[in-house]
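Taking it in order: structure first as structure tokens, then the write-up.
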Amino acid sequence: MEANGLGLKGFPELKNDTFLRAAWGEETDYTPVWCMRQAGRYLPEFRETRAAQDFFSTCRSPEACCELTLQPLRRFPLDAAIIFSDILVVPQALGMEVTMVPGKGPSFPEPLREERDLERLRDPAVVASELGYVFQAITLTRQRLAGRVPLIGFAGAPWTLMAYMVEGGGSSTMAQAKRWLYQRPQASHQLLRILTDALIPYLVGQVVAGAQALQLFESHAGHLGPHLFNKFALPYIRDVAKRVKARLQESGLAPVPMIIFAKDGHFALEELAQAGYEVVGLDWTVAPKKARRRLDNW
């Protein structure tokens with residue numbers, strides 16, 4: 001873990017490393033448990049804290065994010081915490097307006113509709129500097145955790161972010177975004193590269209700030225079949241892992257375990273197992289024993 005019990009910013013020594021050891025594939029005394037959703041509407045204190053301001057204002061408040069991250073740990077003996085934030089802070093940092101509509105979810109008033117709309121996006125190199133509030137939240141939370149459990153950082157995968165940016169919000173079909181893949185394949189790859197370029201410094205920055213593991217959410221994997229997934233999602237999932245690890249090494253930073261979670265991506269378990277991540281997350285539609293048997297030879 002951290003040499004001499006101190007991390008990059010003099011963080012307290014980690015007391016429970018069960019989650020990290022499991023993520024590295026080591027034997028543990030028990031199966032570690034953590035909540036993949038960073039906090040939860042199931043907690044009355046979560047609802048009370050969130051009621052004070054709109055969603056993205058909460059995301060931009062390191063103090064609020066820290067409080068929401070710690071709330072589940074006060075009730076349950078969890079083995080890890082995941083920072084409170086949202087995957088759509090990245091499109092915001094690229095210059096797109098995103099609002100959270102009560103009862104509806106995220107909404108983009110001006111989604112990407114034509115290829116020329118890509119010109120509206122900021123240089124991905126500036127994204128990390130726009131997201132300093134996430135790094136501040138991670139550092140504050142890591143300090144407040146006092147070494148109790150590890151802290152996980154995260155981001156949305158390129159295809160999932162693209163789907164929101166083109167669709168303009170949530171959708172049962174992601175028809176607009178999928179139409180881009182068929183009708184504008186070059187522009188789709190251009191957008192996916194922009195998003196990948198934005199994610200690398202963002203994820204590395206989370207580690208610098210104190211994240212001890214990273215998770216990539218491919219929340220919209222299920223909207224793609226194997227062909228489209230292998231063409232428009234998997235290459236960028238692989239690229240994120242490869243480049244984040246290389247950047248950490250170049251910067252003299254210790255590696256952290258990386259998790260890939262592709263919701264409804266059961267058709268690509270073997271490919272995900274070879275994508276460069278230490279952990280492959282499963283959703284509720286996949287039986288863990290069957291997944292393990294499928295991946296035994298990978």
*What number of residues in the range 16-44 are in a loop (DSSP other than H, G, I, E, B) and surrounded by fewer than 12 Cβ atoms within 10 Å (Cβ to Cβ)?*
9
_Test: residue in the range 106-126 that is more than 25 Å from residue 167 (Cβ to Cβ) and touching a residue at least 40 places away in the same chain (Cβ under 8 Å)_ = yes
_Contact list please: Cβ distance under 7 Å, first residue in the range 276-296 and surrounded by 11 or more Cβ atoms within 10 Å (Cβ to Cβ), second residue assigned to a loop (DSSP other than H, G, I, E, B), pairs at least six apart or on different chains._
278/24; 278/25; 278/257; 279/257; 283/263; 283/264; 291/282
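Please work out if residue 216 is buried (at least 22 other Cβ atoms within 10 Å of the Cβ) and either under 19 Å from residue 108 (Cβ atoms) or modelled with pLDDT under 95 (or both). Quick ask: steps written out before the conclusion?
On the way: buried (at least 22 other Cβ atoms within 10 Å of the Cβ): yes; either under 19 Å from residue 108 (Cβ atoms) or modelled with pLDDT under 95 (or both): no.
No, not satisfied.
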*Out of all the residues in the range 223-252, which are more than 15 Å from residue 162 (Cβ to Cβ) and surrounded by 14 or more Cβ atoms within 10 Å (Cβ to Cβ)?*
230, 238, 241, 243, 244, 245, 247, 248
_I'm trying to understand the selection: among the residues of the range 172-185, which are of a type in the set (S, T, N, Q) and in contact (Cβ under 8 Å) with a residue 12 or more places away in the chain?_
173, 176
*asked:* On the basis of being modelled with pLDDT of 95 or more, of a type in the set (D, E, K, R) and in contact with a helix residue (DSSP H, G or I) (Cβ under 6 Å, 6 or more places away or on another chain), does residue 119 make the cut?
replied: no
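The values are calculated or read from the model by the stated rules, or taken from the named source; none is laboratory data. All values derive from a computational prediction rather than experimental measurement. All Cβ positions, glycine included, derive from the backbone under ideal geometry; neighbour counts span all protein chains shown.
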